[in-house]
Amino acid sequence: MDDRAGYSRLAGLVALLAGAVIWLPLFHLLFVENPEVYRTEAGIPPKAKALAASHIAIWADEAGSRAEIEKMRGRNAEWDFMARSFFVWSLANMALREPGSASATLPIMDRIIDETVRLERDRGPFFFLMPYAGSAPFRMQPVRSIFLDGEIALMMGLRRLVSEHAGYRAQLRERVDTMVERMEKSPILCVESYPNECWLFCNSIGLAAIRVSDHLDGTDHGDLFRRWVETAKKKLIEPKTGLLLSAFTLDGDVMDGPEGSSIWLAAHCLSLIDPAFAADQYLRARQYLRVRLAGFDYAWEWPRECPGSGDVDSGPIIPLLDLSAGSTGLAFVGAATFGDGEFLQGLHAALELGGFPIRNRDRLKYAGSNAVGDAVLLYSMVLGPAWDVVASSLSRSSSALPAASGSHRLLPVEVQP
Amino acid sequence: MNIWKTLTSSLSGAPVCSPRGFFDRAVMLLILFALCHFAGLREYTCVISGTSPTGDPADIAANILGLAYFATYALALLLAPVFLIASILLRLFARPS
């Protein structure tokens, strides 16, 4: 009797082990998508169309849709702002991909930009910032946050790439002049997002906005870009990884080491400023932050060499895996920018597994994400044409910096083992 | 009634390490996930991105519902198929007791 029970238990354990050995390496195949679902050279990929349809419903004020935005504001007012930015940048790229869609998307872009600027003007610069923005004075006065100036300027710039808008021309010029003036006064050529806090994320977006403005208005800030990159290489690199720091004071003192929630987007923006430096940063981020597990890809927030502590940018860190929602979401942008198809496929497989997609007719949203997360994903699926337009004009100009390659034509990056 | 005991014991009363025992456990995990899914808890999984399903970050109950969905989803996806495969393997290869 004991022998039989012992045999049954042993056979059961062996069968379970065999079941795990068979199933676990295979189950990612359920979630691997054809790349054309999320990334196409021309036109808008179907997944992007469905995500965009959900966002358009939010901005069309369909019943209950704006509640998505309010849910996020409860946690972080920045997410409300960034959902606007990424969505407008996405719409601009979609209009460049399918010019016939511009007549429908331009009014949405204008509405979002106008409402954002109005809220900033009426409710003050702290409306889209976290509450601690008011806990100390900004060192540069009057108060301006490059978090707001950079993203709004890029919204206006990309909108103007699709079709000229006289009102935004003057507003873009004012924001660009302000950012440039303040960068020139800073010892590290970076500007505060929060009091005495300069964030790589915001400053790299600011630089991209200035570059877009150069393309649109014929100005040339090539010298500033060159000095910015030189300064960053000297003062803003974490020595163990070679990655850019994510936050520092106006004097360049380290506040936060490299973070996934900053570096992937910074590499995307810097690809418009110095493509070689940007590609190097992307490859380092990939080396130190990418995780591949059972056919799925995700990203850590911090390299093992310089660990940090969780904050609202990283999002919750999933235990055991150390998966950061913030870093993983922005890794889509980095991988798409640098044409890293293998990483992108693994990320999309992970998204289908753990993003909890909800499909409703022609719409798609990820329940595991939020409006800003979905806007970032949408941007990763359509980015490219705007950067290409700007880069193509720069390659014809006399700028001392090398022109950026067409981002959606896949930079020839080599992946080190 | 002890709900935990009901959930963890076999539907048929078969021993754990038997084809029917494994099959029953796979079915129970799938039923548990289906209950959470059809109760609409998928919407609550935004907790994994740090967003409160109700907009109130202090709403613990909503966060627990999101995590419950996440847990049953993971069990149904990772463990239930392993139980099913093990059930088939046992039936095919194990010596009848």
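Among the residues of the stretch B:37-60, write down those that are surrounded by fewer than 19 Cβ atoms within 10 Å (Cβ to Cβ), facing chain A (nearest Cβ under 7 Å) and either among the acidic types (Asp, Glu) or outside any loop (DSSP other than H, G, I, E, B) (or both).
Once the filter is applied, which keeps residues that are surrounded by fewer than 19 Cβ atoms within 10 Å (Cβ to Cβ), facing chain A (nearest Cβ under 7 Å) and either among the acidic types (Asp, Glu) or outside any loop (DSSP other than H, G, I, E, B) (or both), the stretch B:37-60 yields B:43, B:56.
Can you find a residue that is in a strand (DSSP E or B) and small (Gly, Ala, Ser) anywhere in the stretch A:282-299?
yes
Could you give me the residue pairs with C-beta distances under 7 Å whose first residue belongs to the stretch A:350-375 and is within 11 Å of another protein chain (Cβ to nearest Cβ) and in contact (Cβ under 8 Å) with a residue 12 or more places away in the chain, whose second residue is among the aliphatic types (A, V, I, L, M) and assigned to a strand (DSSP E or B) wherever it lies, and which are 6+ apart or on separate chains?
A:365/A:358; A:367/A:358
Return the residues of the stretch A:248-281 that are outside any loop (DSSP other than H, G, I, E, B), touching a Cys at 6+ places or on another chain (Cβ under 9 Å) and surrounded by fewer than 22 Cβ atoms within 10 Å (Cβ to Cβ); say none if nothing qualifies.
Hit for the stretch A:248-281 is A:255, nothing else.
Output the number of residues of the stretch A:109-141 satisfying the condition of being open to solvent by less than 90 Å² (accessible area, probe 1.4 Å), in a loop (DSSP other than H, G, I, E, B) and closer than 17 Å to residue A:175 by Cα.
2
Between B:34, B:80, which is open to solvent by 20 Å² or more (accessible area, probe 1.4 Å) and either away from every other protein chain (no Cβ under 12 Å) or of a type in the set (Gly, Ala, Ser) (or both)?
The unique qualifying residue is B:34.
Across the stretch A:82-101, which residue is farthest from the other protein chains (Cβ to nearest Cβ) among those that are of a type outside the set (A, V, I, L, M) and open to solvent by less than 10 Å² (accessible area, probe 1.4 Å)?
In this case the residue turns out to be A:93.
A quick yes/no check of all residues on (1) modelled with pLDDT of 95 or more; (2) in a helix (DSSP H, G or I); (3) among the β-branched types (Val, Ile, Thr):
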{"position": "A:170", "(1), (2), (3)": "yes, yes, no"}
{"position": "A:178", "(1), (2), (3)": "yes, yes, yes"}
{"position": "A:190", "(1), (2), (3)": "yes, no, no"}
{"position": "A:211", "(1), (2), (3)": "yes, yes, no"}
{"position": "A:215", "(1), (2), (3)": "yes, yes, no"}
{"position": "A:223", "(1), (2), (3)": "yes, yes, no"}
{"position": "A:226", "(1), (2), (3)": "yes, yes, no"}
{"position": "A:229", "(1), (2), (3)": "yes, yes, yes"}
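Can you spot a residue in the stretch B:63-75 that is more than 7 Å from every other protein chain (Cβ to nearest Cβ), open to solvent by less than 40 Å² (accessible area, probe 1.4 Å) and free of Cβ contacts under 8 Å to residues at least 12 places away in the same chain?
yes
Having 2 or more residues that are open to solvent by 40 Å² or more (accessible area, probe 1.4 Å) and at the interface with chain B (Cβ under 8 Å from one of its Cβ atoms) is the bar; report the helices (runs of 4 or more DSSP H) wholly within the stretch A:1-81 that clear it.
It comes to A:2-23, A:67-75.
The values are calculated or read from the model by the stated rules, or taken from the named source; none is laboratory data. All values reported here derive from a predicted model rather than from experimental measurement. Every residue, glycine among them, receives a Cβ derived from its backbone with ideal geometry; neighbour counts consider all protein chains shown. Remember, those area values only see protein heavy atoms, side chains included, never the ligands or the DNA or RNA. Shrake-Rupley method; radii C 1.70, N 1.55, O 1.52, S 1.80 Å.
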